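Chemist: One structure follows; several queries about it will come next.
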Amino acid sequence: EETQYFAKRSVGAWWHVSYVINPLLNFALPFFLLLPRKAKRSEAMLVRVAVVILVGRWVDLWVGVLPSVHGELVFGVYEVGIFAGFVGGFGWLVLRELGKASLIPIEDPFLEESLNQHT
C-alpha cells in the first residue's frame, strides 16, 4: 500500500528531503536556470545543470529506498562509496569505449569547414 511509503517520508528530517530538496533539484533549479536563452547556449551552464539533475536523481532514488531500510536520515560511508563506485565505473567504461575509435571523422568532406564553425 502506498500510505506506508508516503508516511515514512512525511515525518521528521525526511519531510525536508522528500518535499523540499527533491523538487528543487529535479524541477525548480533546472527549470529556472535554463529559462534564459543565453543559458541554453552556454556549454558550461548546461554542464552545471546536468550535474544538478544527476544529483537530484540520486537524491530521488536515495529517498525512495533509504527510509524503508534504515528509517532514519543517514548519510554515511556506504552511500558515498557506492556513488563513487558507480561514477568510477561509468567513467572507466566511457573512456575505454572512446579510446576504441577516432573522434574526428577523417574522411568527412566538410571536416575543415566544421572545425572552424562556431555557433
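The values are calculated or read from the model by the stated rules, or taken from the named source; none is laboratory data. The shown structure was predicted, so the numbers you read here are calculated from the model rather than taken from an experiment. Positions of Cβ are generated from backbone atoms using ideal geometry, with glycine treated the same way; all protein chains shown enter the neighbour counts.
Chemist: Does the stretch 76-113 hold any residues that are loosely packed, with under 10 Cβ neighbours inside 10 Å and under 20 Å from Gly56 (Cα atoms), and which are they?
Modeler: Passing the criteria: Gly76, Val77, Tyr78.
Chemist: Determine whether Val94 is outside any helix (DSSP H, G or I), within 23 Å of Val51 (Cα to Cα) and of a type outside the set (D, E, K, R).
Modeler: Numbers: outside any helix (DSSP H, G or I): no; within 23 Å of Val51 (Cα to Cα): yes; of a type outside the set (D, E, K, R): yes.
Criteria not met by Val94.
Chemist: Those residues that are among the hydroxyl-bearing types (Ser, Thr, Tyr) and surrounded by 11 or more Cβ atoms within 10 Å (Cβ to Cβ), I need them from the stretch 1-31; list them, please. Working first, answer last.
Modeler: Narrowing the stretch 1-31 to residues among the hydroxyl-bearing types (Ser, Thr, Tyr): 3, 5, 10, 18-19.
Of everything in the stretch 1-31, those that are among the hydroxyl-bearing types (Ser, Thr, Tyr) and surrounded by 11 or more Cβ atoms within 10 Å (Cβ to Cβ) turn out to be Tyr5, Ser10, Ser18, Tyr19.
Chemist: Still on this structure, please answer the following. Being in contact with a helix residue (DSSP H, G or I) (Cβ under 9 Å, 6 or more places away or on another chain) and either outside any helix (DSSP H, G or I) or surrounded by fewer than 13 Cβ atoms within 10 Å (Cβ to Cβ) (or both) is the filter; apply it to the stretch 63-75 and report the residue that is modelled with the highest pLDDT.
Modeler: Ser68
Residue-wise test of (1) within 30 Å of Leu66 (Cβ to Cβ); (2) touching a residue at least 24 places away in the same chain (Cβ under 8 Å); (3) not hydroxyl-bearing (Ser, Thr, Tyr).
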position	(1), (2), (3)
Tyr78	yes, no, no
Ala84	yes, no, yes
Val87	yes, no, yes
Trp92	yes, no, yes
Leu95	no, no, yes
Leu98	no, no, yes
Ser102	no, no, no
Asp108	no, no, yes
Glu113	no, no, yes
